[in-house]
Amino acid sequence: MNPEKRVTQAVEQAQSILARYVEPGPRDCESTINELMDVLDDEAVVEAVEDAKMEKPTSEQLAELKRLSELARTSDWSEVVKSREEAETRIRDLKEKSRME
């Protein structure tokens with residue numbers, strides 16, 4: 001499941017839990033909090049939120065990675081990086097590698 005879908009699903013489940021809590025009648029705060037924790041503190045949901053917050057690499061970064069990968073005669077990193085930060089790190093590494101050769 002992609003990160004956005006996983007986060008959306010978790011938010012919908014949390015909304016449902018809160019909707020049940022605000023309905024008239026007896027309330028169980030502890031049970032409600034535990035249900036919310038089960039949904040929102042799930043490792044897959046936490047990872048999906050982190051993934052969704054990551055800024056995707058720019059087209060310029062991907063082009064530079066492709067060019068440097070060819071120069072350094074290594075795998076094309078433009079196909080595997082997931083964030084701008086990771087792209088910058090790989091660009092620095094590839095520049096260093098191409099200088100050493």
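Consider only pairs whose beta carbons are under 6 Å apart and that are at least six residues apart or on different chains; among these, list those whose first residue lies in region 42-67 and is farther than 25 Å from M1 by Cβ and whose second residue is of a type in the set (A, V, I, L, M).
Note: pairs meeting the criteria are Q61/A87; E64/I91.
Condition (residue is of a type outside the set (S, T, N, Q), farther than 30 Å from R92 by Cα and surrounded by 12 or more Cβ atoms within 10 Å (Cβ to Cβ)) applied to region 45-58: is it met by at least one residue?
Checking region 45-58: at least one residue is of a type outside the set (S, T, N, Q), farther than 30 Å from R92 by Cα and surrounded by 12 or more Cβ atoms within 10 Å (Cβ to Cβ).
Could you please let me know if S75 is of a type in the set (G, A, S) and assigned to a helix (DSSP H, G or I)?
The answer is no for S75.
Throughout, read-outs are computed from the coordinates displayed, never taken from laboratory work. Note that the coordinates shown come from a computational prediction; the quantities given were computed from them, not determined experimentally. Don't worry about glycine lacking a Cβ; one is built from the backbone with ideal geometry, like all the others, and counts go over all protein chains shown.
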